[in-house]
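Right, one structure below, let's go through it.
FYI, it's all coordinate maths here, none of it is from the lab. Since the model is a prediction, treat every value here as computed from it, not as a measurement. A quick note on method: Cβ atoms are made from the backbone with ideal geometry, for glycine too, and the neighbour counts reach across all protein chains shown.
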Amino acid sequence: VQLQASGGGLVQPGDSLRLSCAASGRTDSQMTITWFRQTPEKEREFVGAIRWYSVTYYADSVKGRFTISRDSAKNIIYLQMNRLKPEDTAVYYCAARSPHTVRYYSANEYTYWGQGTLVTVSS
């Protein structure tokens, strides 16, 4: 499975941004796609996940602001980020694994990773 993350950039606090994760290769119906983020000061942090039939999970820090969705025809997973805050600044990664795990929030559980896209929220 290959993952290609894109869409990062520099935005101001309160702005919105949409990240994309294009999946290709041996994707399957049991696959979970997850967004993580990382800064130099922190371990890789869970942001949100989507299972192949669109059940979603979110970190408390982004719940109500971020939304994960899927375009099944294009095999693209989106992370819509609204009301961005400076503390959302990080490199965002998409990751995939199959089958789903109850430890979906742990970076150690993932086999496939995209290359990361930088989101900077600053005035």
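Full extension of the segment from residue 55 to residue 39, taken as 0.36 nm per residue of separation minus the current Cα-Cα distance, would add 3.0 nm. Within region 23-87, the GluC sites (Glu not before Pro) that combine a DSSP coil assignment with at most 13 other C-beta atoms in a 10 angstrom radius are 41, 43.
Its residue count N fixes a reference of 2.2 N^0.38 Å for the chain, and the Cα radius of gyration divided by that reference is 0.97. Of all beta bridges that DSSP places with both ends in the chain, some 95 percent have antiparallel geometry. Taking Cβ atoms as reference points and 15 Å as the exclusive limit, the residues near residue 72 contribute a net charge of +1, counting Lys and Arg as +1 and Asp and Glu as -1.
Electrostatic tally near residue 56: other residues with Cβ closer than 11 Å to its Cβ, Lys and Arg +1, Asp and Glu -1, net +3.
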